[in-house]
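S.K.: First, the structure itself, so that you have it in front of you.
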(Lines give C-alpha, C1' and ligand atoms only; values in the text may rest on other atoms or scores of the structure.)
Protein backbone atom coordinates (compact mmCIF):
# COMPACT_ATOMS: atom_id res chain seq x y z
CA UNK A 1 0.00 0.00 0.00
CA UNK A 2 3.20 2.11 0.07
CA UNK A 3 6.15 2.08 2.42
CA UNK A 4 6.34 -1.26 4.21
CA UNK A 5 3.54 -3.41 2.84
CA UNK A 6 2.44 -3.72 6.47
CA UNK A 7 2.91 -7.39 6.97
CA UNK A 8 3.69 -9.59 10.05
CA UNK A 9 3.92 -13.16 11.15
CA UNK A 10 0.66 -14.41 12.49
CA UNK A 11 0.99 -16.30 15.76
CA UNK A 12 1.13 -19.82 14.29
CA UNK A 13 -1.33 -21.96 16.17
CA UNK A 14 -1.36 -25.53 14.89
CA UNK A 15 -4.47 -26.88 16.57
CA UNK A 16 -4.05 -30.45 17.71
CA UNK A 17 -6.86 -32.90 18.23
CA UNK A 18 -8.00 -32.78 21.86
CA UNK A 19 -10.45 -34.71 23.94
CA UNK A 20 -13.49 -33.49 25.81
CA UNK A 21 -13.56 -29.98 27.20
CA UNK A 22 -16.28 -29.80 29.81
CA UNK A 23 -17.90 -26.39 30.03
CA UNK A 24 -19.53 -25.38 33.32
CA UNK A 25 -23.27 -24.89 33.52
CA UNK A 26 -23.74 -21.28 32.41
CA UNK A 27 -25.54 -19.04 29.98
CA UNK A 28 -22.79 -16.92 28.49
CA UNK A 29 -24.42 -13.86 26.97
CA UNK A 30 -21.29 -12.01 25.98
CA UNK A 31 -22.16 -8.32 25.99
CA UNK A 32 -18.68 -7.32 24.81
CA UNK A 33 -18.61 -9.15 21.49
CA UNK A 34 -19.37 -7.37 18.22
CA UNK A 35 -22.40 -8.17 16.11
CA UNK A 36 -22.46 -8.42 12.34
CA UNK A 37 -20.57 -5.85 10.29
CA UNK A 38 -22.99 -3.80 8.20
CA UNK A 39 -22.10 -1.68 5.16
CA UNK A 40 -23.11 1.96 5.27
CA UNK A 41 -22.63 5.10 3.15
CA UNK A 42 -19.37 4.71 1.23
CA UNK A 43 -16.59 7.23 1.74
CA UNK A 44 -16.36 9.82 -1.06
CA UNK A 45 -13.08 8.35 -2.30
CA UNK A 46 -11.02 5.22 -1.90
CA UNK A 47 -8.84 5.90 1.14
CA UNK A 48 -6.23 4.36 3.42
CA UNK A 49 -4.17 5.68 6.34
CA UNK A 50 -6.56 8.50 7.21
CA UNK A 51 -7.34 9.37 10.84
CA UNK A 52 -10.99 9.24 11.89
CA UNK A 53 -12.43 10.34 15.24
CA UNK A 54 -15.93 10.80 16.63
CA UNK A 55 -17.54 13.49 18.77
CA UNK A 56 -21.11 14.55 19.48
CA UNK A 57 -22.69 12.07 17.10
CA UNK A 58 -20.40 12.85 14.15
CA UNK A 59 -17.35 11.20 12.61
CA UNK A 60 -14.51 13.30 11.19
CA UNK A 61 -11.86 11.80 8.86
CA UNK A 62 -8.65 13.67 8.08
CA UNK A 63 -6.38 13.17 5.07
CA UNK A 64 -5.31 9.74 3.92
CA UNK A 65 -3.72 8.11 0.91
CA UNK A 66 -5.86 8.11 -2.25
CA UNK A 67 -4.90 5.50 -4.89
CA UNK A 68 -3.44 7.14 -7.96
CA UNK A 69 -3.09 10.60 -6.43
CA UNK A 70 -1.36 10.11 -3.06
CA UNK A 71 -1.95 12.05 0.15
CA UNK A 72 -4.90 14.42 0.30
CA UNK A 73 -5.99 17.55 2.16
CA UNK A 74 -9.61 16.38 2.12
CA UNK A 75 -11.51 16.22 5.41
CA UNK A 76 -14.97 14.67 5.45
CA UNK A 77 -17.54 14.31 8.20
CA UNK A 78 -20.90 12.66 8.67
CA UNK A 79 -23.56 11.96 11.28
CA UNK A 80 -23.27 8.54 12.91
CA UNK A 81 -26.40 6.66 13.93
CA UNK A 82 -27.45 3.13 14.87
CA UNK A 83 -28.03 2.67 11.13
CA UNK A 84 -24.55 3.77 10.09
CA UNK A 85 -23.19 7.01 8.61
CA UNK A 86 -26.04 9.02 7.11
CA UNK A 87 -23.90 10.86 4.54
CA UNK A 88 -20.44 12.36 4.01
CA UNK A 89 -19.77 16.06 3.48
CA UNK A 90 -16.56 17.89 2.62
CA UNK A 91 -15.41 20.37 5.28
CA UNK A 92 -12.37 22.64 5.87
CA UNK A 93 -9.37 21.20 4.08
CA UNK A 94 -6.32 20.23 6.10
CA UNK A 95 -3.40 22.64 5.53
CA UNK A 96 -1.18 19.83 4.15
CA UNK A 97 -1.55 16.87 1.88
CA UNK A 98 -1.28 14.23 4.59
CA UNK A 99 -1.54 10.54 5.36
CA UNK A 100 -0.71 8.65 8.55
CA UNK A 101 -1.44 11.62 10.82
CA UNK A 102 -2.80 10.87 14.29
CA UNK A 103 -5.86 12.85 15.36
CA UNK A 104 -7.74 13.01 18.67
CA UNK A 105 -10.70 15.02 19.94
CA UNK A 106 -11.25 16.76 23.28
CA UNK A 107 -13.50 19.59 24.43
CA UNK A 108 -14.95 20.22 20.99
CA UNK A 109 -11.56 20.49 19.26
CA UNK A 110 -9.69 18.09 17.01
CA UNK A 111 -5.89 17.95 17.22
CA UNK A 112 -3.81 16.29 14.47
CA UNK A 113 -0.13 15.46 14.86
CA UNK A 114 2.53 14.73 12.24
CA UNK A 115 1.95 12.50 9.25
CA UNK A 116 3.62 11.99 5.89
CA UNK A 117 3.21 14.44 3.03
CA UNK A 118 4.58 12.37 0.15
CA UNK A 119 7.12 9.52 0.20
CA UNK A 120 8.63 7.42 2.95
CA UNK A 121 10.92 10.21 4.20
CA UNK A 122 8.42 13.07 4.04
CA UNK A 123 7.35 13.21 7.67
CA UNK A 124 6.20 16.51 9.16
CA UNK A 125 6.35 17.98 12.66
CA UNK A 126 3.27 20.11 11.99
CA UNK A 127 0.41 20.06 14.52
CA UNK A 128 -2.95 21.62 13.67
CA UNK A 129 -6.21 21.97 15.55
CA UNK A 130 -9.76 23.12 14.79
CA UNK A 131 -13.20 23.28 16.37
CA UNK A 132 -15.65 20.53 15.42
CA UNK A 133 -19.42 20.78 15.29
CA UNK A 134 -22.49 19.53 13.43
CA UNK A 135 -21.40 21.92 10.65
CA UNK A 136 -18.05 20.21 10.19
CA UNK A 137 -14.54 21.38 11.03
CA UNK A 138 -13.62 25.05 11.38
CA UNK A 139 -10.50 26.57 9.85
CA UNK A 140 -7.35 24.70 10.87
CA UNK A 141 -4.80 26.59 12.98
CA UNK A 142 -1.15 25.75 13.46
CA UNK A 143 0.00 25.13 17.03
CA UNK A 144 3.21 24.04 18.79
CA UNK A 145 5.21 21.79 16.46
CA UNK A 146 5.92 18.21 17.48
CA UNK A 147 9.52 17.70 18.69
CA UNK A 148 10.39 15.39 15.76
CA UNK A 149 9.26 14.78 12.19
CA UNK A 150 6.99 11.77 12.46
CA UNK A 151 4.28 9.65 10.89
CA UNK A 152 2.47 6.44 11.92
CA UNK A 153 2.65 7.40 15.58
CA UNK A 154 -0.45 7.02 17.76
CA UNK A 155 -1.93 9.82 19.87
CA UNK A 156 -4.71 9.83 22.46
CA UNK A 157 -6.18 12.44 24.81
CA UNK A 158 -7.11 12.15 28.48
CA UNK A 159 -7.60 14.70 31.25
CA UNK A 160 -6.69 17.66 29.09
CA UNK A 161 -3.42 16.15 27.82
CA UNK A 162 -2.46 14.53 24.53
CA UNK A 163 0.01 11.63 24.58
CA UNK A 164 1.80 10.50 21.38
CA UNK A 165 3.72 7.23 21.15
CA UNK A 166 6.49 6.11 18.81
CA UNK A 167 6.23 6.59 15.07
CA UNK A 168 8.42 6.57 11.98
CA UNK A 169 10.76 9.55 12.21
CA UNK A 170 13.21 11.28 9.93
CA UNK A 171 16.37 13.06 11.00
CA UNK A 172 18.45 14.78 8.28
CA UNK A 173 21.62 13.55 10.01
CA UNK A 174 20.71 9.99 11.02
CA UNK A 175 18.00 9.21 8.45
CA UNK A 176 14.67 7.47 8.93
CA UNK A 177 13.91 5.03 11.73
CA UNK A 178 11.30 3.96 14.23
CA UNK A 179 11.36 5.62 17.63
CA UNK A 180 10.45 4.74 21.22
CA UNK A 181 9.96 8.39 22.10
CA UNK A 182 6.76 9.43 23.85
CA UNK A 183 5.71 13.08 24.13
CA UNK A 184 2.76 14.76 25.80
CA UNK A 185 1.28 18.25 26.04
CA UNK A 186 -1.73 20.13 27.40
CA UNK A 187 -4.55 20.68 24.91
CA UNK A 188 -6.59 23.87 25.07
CA UNK A 189 -8.86 25.96 22.87
CA UNK A 190 -5.63 27.70 21.80
CA UNK A 191 -3.89 24.51 20.72
CA UNK A 192 -1.16 22.41 22.31
CA UNK A 193 0.73 24.54 24.84
CA UNK A 194 4.05 22.64 24.62
CA UNK A 195 5.50 19.16 24.15
CA UNK A 196 7.46 17.32 26.86
CA UNK A 197 9.32 14.04 26.62
CA UNK A 198 8.14 11.33 29.02
CA UNK A 199 8.89 7.66 29.72
CA UNK A 200 9.93 5.98 26.48
CA UNK A 201 7.95 3.09 25.02
CA UNK A 202 9.48 -0.35 25.77
CA UNK A 203 10.53 -0.81 22.14
CA UNK A 204 10.98 1.29 19.04
CA UNK A 205 7.66 1.18 17.21
CA UNK A 206 5.52 2.60 14.45
CA UNK A 207 2.12 1.64 13.10
CA UNK A 208 0.90 0.70 16.58
CA UNK A 209 -2.56 1.71 17.80
CA UNK A 210 -3.04 3.35 21.21
CA UNK A 211 -6.08 4.34 23.25
CA UNK A 212 -6.71 5.61 26.78
CA UNK A 213 -9.17 4.28 29.35
CA UNK A 214 -9.41 4.78 33.11
CA UNK A 215 -6.18 6.75 33.39
CA UNK A 216 -4.08 4.24 31.45
CA UNK A 217 -2.82 4.17 27.87
CA UNK A 218 -2.76 0.85 26.00
CA UNK A 219 -0.83 0.28 22.75
CA UNK A 220 -1.18 -2.74 20.48
CA UNK A 221 1.12 -4.23 17.86
CA UNK A 222 3.08 -2.17 15.38
CA UNK A 223 6.26 -2.47 13.40
CA UNK A 224 9.08 -2.87 15.93
CA UNK A 225 12.71 -1.90 15.52
CA UNK A 226 12.59 -1.79 11.71
CA UNK A 227 12.89 -5.56 11.71
CA UNK A 228 9.71 -7.33 12.78
CA UNK A 229 6.04 -6.91 13.39
CA UNK A 230 4.99 -7.12 17.02
CA UNK A 231 2.15 -8.75 18.92
CA UNK A 232 3.28 -6.88 22.02
CA UNK A 233 0.74 -4.95 24.07
CA UNK A 234 2.08 -2.34 26.47
CA UNK A 235 0.29 -0.07 28.91
CA UNK A 236 1.19 2.82 31.21
CA UNK A 237 -0.36 5.19 33.70
CA UNK A 238 -0.99 8.66 32.26
CA UNK A 239 -0.85 11.76 34.44
CA UNK A 240 -0.30 15.50 34.09
CA UNK A 241 3.39 14.62 34.44
CA UNK A 242 3.39 12.22 31.52
CA UNK A 243 3.44 8.41 31.38
CA UNK A 244 4.78 7.15 34.70
CA UNK A 245 5.96 3.76 33.41
CA UNK A 246 5.32 1.11 30.75
CA UNK A 247 4.74 -2.61 31.17
CA UNK A 248 3.89 -5.41 28.77
CA UNK A 249 0.65 -7.32 29.21
CA UNK A 250 -1.10 -10.18 27.39
CA UNK A 251 0.09 -10.33 23.78
CA UNK A 252 -2.35 -9.77 20.94
CA UNK A 253 -3.53 -12.91 19.04
CA UNK A 254 -1.67 -11.89 15.87
CA UNK A 255 1.17 -9.49 15.16
CA UNK A 256 -0.36 -6.56 13.26
CA UNK A 257 0.84 -3.16 12.09
CA UNK A 258 -1.52 -0.37 11.15
CA UNK A 259 -4.42 -2.10 12.84
CA UNK A 260 -7.21 0.18 14.10
CA UNK A 261 -7.98 0.06 17.83
CA UNK A 262 -10.69 1.95 19.71
CA UNK A 263 -12.22 1.82 23.19
CA UNK A 264 -15.81 1.39 24.33
CA UNK A 265 -16.96 0.93 27.96
CA UNK A 266 -13.56 -0.17 29.23
CA UNK A 267 -12.83 -2.63 26.41
CA UNK A 268 -10.38 -2.18 23.55
CA UNK A 269 -11.35 -3.47 20.11
CA UNK A 270 -8.76 -3.88 17.35
CA UNK A 271 -9.53 -4.37 13.66
CA UNK A 272 -7.35 -5.86 10.92
CA UNK A 273 -3.74 -4.92 10.34
CA UNK A 274 -0.81 -5.79 8.12
CA UNK A 275 1.10 -9.04 8.63
CA UNK A 276 4.69 -9.95 7.87
CA UNK A 277 3.89 -13.11 5.91
CA UNK A 278 1.06 -14.32 3.69
CA UNK A 279 -1.76 -13.47 3.44
CA UNK A 280 -0.05 -10.17 4.50
CA UNK A 281 -3.26 -8.72 5.92
CA UNK A 282 -5.81 -9.96 8.43
CA UNK A 283 -9.55 -9.66 9.09
CA UNK A 284 -8.95 -10.48 12.77
CA UNK A 285 -11.02 -8.49 15.24
CA UNK A 286 -10.30 -9.04 18.94
CA UNK A 287 -11.19 -7.28 22.15
CA UNK A 288 -9.81 -7.17 25.68
CA UNK A 289 -10.78 -5.76 29.05
CA UNK A 290 -8.65 -2.78 30.10
CA UNK A 291 -7.54 -2.79 33.73
CA UNK A 292 -4.89 -1.08 35.86
CA UNK A 293 -2.96 -4.37 35.63
CA UNK A 294 -3.12 -4.55 31.84
CA UNK A 295 -5.25 -6.65 29.51
CA UNK A 296 -6.03 -10.06 31.07
CA UNK A 297 -6.92 -11.74 27.77
CA UNK A 298 -7.93 -11.12 24.18
CA UNK A 299 -11.03 -12.65 22.65
CA UNK A 300 -11.69 -12.95 18.94
CA UNK A 301 -15.05 -11.59 17.81
CA UNK A 302 -16.85 -11.10 14.49
CA UNK A 303 -14.21 -10.87 11.76
CA UNK A 304 -14.08 -7.81 9.53
CA UNK A 305 -15.72 -8.28 6.10
CA UNK A 306 -12.33 -8.35 4.37
CA UNK A 307 -8.64 -8.57 5.20
CA UNK A 308 -7.37 -5.05 5.67
CA UNK A 309 -4.86 -2.58 6.96
CA UNK A 310 -4.82 1.20 6.85
CA UNK A 311 -8.45 1.21 8.03
CA UNK A 312 -9.43 3.87 10.58
CA UNK A 313 -12.03 3.07 13.26
CA UNK A 314 -13.80 5.02 16.00
CA UNK A 315 -16.58 4.39 18.51
CA UNK A 316 -19.72 6.39 19.17
CA UNK A 317 -22.45 5.22 21.61
CA UNK A 318 -21.31 1.59 21.57
CA UNK A 319 -21.06 1.35 17.79
CA UNK A 320 -17.72 1.10 15.96
CA UNK A 321 -17.39 2.70 12.52
CA UNK A 322 -14.49 1.74 10.22
CA UNK A 323 -13.45 3.61 7.09
CA UNK A 324 -11.43 2.55 4.05
CA UNK A 325 -8.28 0.43 4.05
CA UNK A 326 -7.84 -2.78 2.14
CA UNK A 327 -5.61 -5.70 1.24
CA UNK A 328 -3.37 -3.84 -1.18
CA UNK A 329 -6.39 -2.72 -3.17
CA UNK A 330 -7.72 0.30 -1.31
CA UNK A 331 -11.47 0.64 -0.82
CA UNK A 332 -14.00 3.34 0.02
CA UNK A 333 -16.06 0.85 2.04
CA UNK A 334 -17.41 1.90 5.43
CA UNK A 335 -18.73 -0.68 7.91
CA UNK A 336 -20.18 -0.47 11.39
CA UNK A 337 -20.92 -2.95 14.17
CA UNK A 338 -22.78 -2.82 17.49
CA UNK A 339 -21.17 -3.95 20.75
CA UNK A 340 -23.23 -6.59 22.52
CA UNK A 341 -25.55 -7.33 19.61
CA UNK A 342 -24.35 -10.92 19.39
CA UNK A 343 -23.63 -13.56 21.98
CA UNK A 344 -22.70 -17.18 22.43
CA UNK A 345 -24.65 -19.47 24.69
CA UNK A 346 -23.49 -22.76 26.17
CA UNK A 347 -25.90 -25.59 26.70
CA UNK A 348 -27.13 -26.65 30.12
CA UNK A 349 -25.17 -29.89 29.94
CA UNK A 350 -21.53 -30.76 29.50
CA UNK A 351 -20.34 -30.02 25.98
CA UNK A 352 -17.76 -31.83 23.90
CA UNK A 353 -15.94 -29.40 21.61
CA UNK A 354 -13.20 -29.72 19.03
CA UNK A 355 -11.61 -26.57 17.59
CA UNK A 356 -10.20 -26.45 14.09
CA UNK A 357 -10.11 -22.68 13.45
CA UNK A 358 -10.23 -19.35 15.23
CA UNK A 359 -13.67 -18.44 13.92
CA UNK A 360 -16.66 -18.14 16.26
CA UNK A 361 -20.37 -18.64 15.78
CA UNK A 362 -22.77 -16.14 17.34
CA UNK A 363 -26.50 -15.78 17.79
CA UNK A 364 -28.40 -12.66 18.64
CA UNK A 365 -29.54 -12.08 22.19
CA UNK A 366 -31.16 -9.25 24.09
CA UNK A 367 -29.53 -10.24 27.37
CA UNK A 368 -26.73 -8.01 28.64
CA UNK A 369 -25.62 -10.10 31.65
CA UNK A 370 -22.24 -11.81 31.49
CA UNK A 371 -21.58 -15.11 33.20
CA UNK A 372 -17.98 -16.14 32.49
CA UNK A 373 -17.18 -19.60 31.22
CA UNK A 374 -13.92 -20.34 33.00
CA UNK A 375 -11.37 -22.09 30.82
CA UNK A 376 -10.25 -25.65 31.38
CA UNK A 377 -6.84 -25.68 33.07
CA UNK A 378 -6.20 -29.41 32.60
CA UNK A 379 -2.49 -30.03 32.16
CA UNK A 380 -1.54 -26.55 33.38
CA UNK A 381 0.51 -25.36 36.34
CA UNK A 382 -0.86 -22.51 38.45
CA UNK A 383 1.65 -19.64 38.55
CA UNK A 384 1.82 -17.63 41.77
CA UNK A 385 1.24 -13.86 41.53
CA UNK A 386 4.52 -12.11 40.82
CA UNK A 387 6.00 -15.05 38.90
CA UNK A 388 7.90 -13.96 35.79
CA UNK A 389 7.62 -15.29 32.24
CA UNK A 390 9.88 -14.32 29.33
CA UNK A 391 8.70 -13.99 25.72
CA UNK A 392 9.97 -12.14 22.67
CA UNK A 393 12.61 -10.31 24.66
CA UNK A 394 10.03 -9.12 27.20
CA UNK A 395 9.40 -10.09 30.80
CA UNK A 396 5.82 -10.54 31.97
CA UNK A 397 4.71 -10.65 35.62
CA UNK A 398 1.72 -12.74 36.72
CA UNK A 399 -0.87 -10.32 38.13
CA UNK A 400 -2.74 -10.54 41.43
CA UNK A 401 -6.02 -9.23 42.75
CA UNK A 402 -9.61 -9.24 41.54
CA UNK A 403 -12.00 -7.20 39.42
CA UNK A 404 -14.05 -6.19 42.47
CA UNK A 405 -16.93 -8.45 41.39
CA UNK A 406 -15.66 -11.69 42.85
CA UNK A 407 -13.52 -12.70 39.86
CA UNK A 408 -9.81 -13.20 40.59
CA UNK A 409 -6.69 -13.28 38.45
CA UNK A 410 -5.34 -16.71 37.58
CA UNK A 411 -2.30 -17.54 35.49
CA UNK A 412 -1.48 -21.03 34.18
CA UNK A 413 1.59 -22.39 32.42
CA UNK A 414 1.28 -25.25 29.91
CA UNK A 415 4.65 -26.83 29.09
CA UNK A 416 5.15 -28.03 25.53
CA UNK A 417 5.96 -26.98 21.96
CA UNK A 418 4.15 -24.08 20.30
CA UNK A 419 2.06 -26.57 18.30
CA UNK A 420 0.57 -28.11 21.47
CA UNK A 421 -2.12 -25.48 22.01
CA UNK A 422 -3.62 -25.87 25.51
CA UNK A 423 -7.37 -26.19 26.23
CA UNK A 424 -7.95 -22.52 27.24
CA UNK A 425 -6.76 -21.28 23.85
CA UNK A 426 -9.10 -23.70 22.12
CA UNK A 427 -11.88 -22.01 24.09
CA UNK A 428 -10.92 -18.55 22.78
CA UNK A 429 -8.56 -17.36 25.51
CA UNK A 430 -5.38 -15.63 24.36
CA UNK A 431 -2.00 -17.12 25.15
CA UNK A 432 1.66 -16.18 24.95
CA UNK A 433 4.46 -18.62 24.16
CA UNK A 434 7.75 -18.29 26.01
CA UNK A 435 9.83 -19.51 28.95
CA UNK A 436 8.84 -20.06 32.59
CA UNK A 437 11.16 -21.67 35.18
CA UNK A 438 13.51 -22.72 32.42
CA UNK A 439 10.80 -24.52 30.43
CA UNK A 440 9.02 -23.47 27.25
CA UNK A 441 5.27 -23.41 26.86
CA UNK A 442 2.10 -21.35 26.82
CA UNK A 443 0.83 -19.02 29.51
CA UNK A 444 -2.80 -17.95 29.83
CA UNK A 445 -4.03 -15.37 32.34
CA UNK A 446 -7.65 -14.58 33.03
CA UNK A 447 -10.32 -13.35 35.44
CA UNK A 448 -12.55 -16.13 36.72
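S.K.: Which of the following residues is crowded, with 21+ Cβ neighbours inside 10 Å, part of a loop (DSSP other than H, G, I, E, B) and at pLDDT 60 or above: 385, 375?
M.R.: Of the residues listed, the single one that is crowded, with 21+ Cβ neighbours inside 10 Å, part of a loop (DSSP other than H, G, I, E, B) and at pLDDT 60 or above is 375.
S.K.: Checking the conditions here, which among 152, 156, 176, 131 is in contact with a strand residue (DSSP E or B) (Cβ under 7 Å, 6 or more places away or on another chain), surrounded by fewer than 21 Cβ atoms within 10 Å (Cβ to Cβ) and under 24 Å from residue 262 (Cα atoms)?
M.R.: Only one candidate qualifies: 131.
S.K.: Name the one entry in 191, 242, 215, 207 that is within 22 Å of residue 126 (Cβ to Cβ) and surrounded by fewer than 20 Cβ atoms within 10 Å (Cβ to Cβ).
M.R.: 191
S.K.: When residues of segment 388-402 are filtered for being over 21 Å from residue 232 (Cα atoms) and either at pLDDT 80 or above or part of a loop (DSSP other than H, G, I, E, B) (or both), how many remain?
M.R.: Going through segment 388-402 one residue at a time, the tally reaches 1.
S.K.: Which of the residues belonging to segment 79-108 are in a strand (DSSP E or B) and over 23 Å from the mean Cα position of the chain (by Cα)?
M.R.: Result: 79, 89, 90.
The values are calculated or read from the model by the stated rules, or taken from the named source; none is laboratory data. What you see is a predicted model, and the numbers here were worked out from it, not measured in a lab. Backbone-built Cβ (ideal geometry, glycine too); neighbour counts: all protein chains shown.
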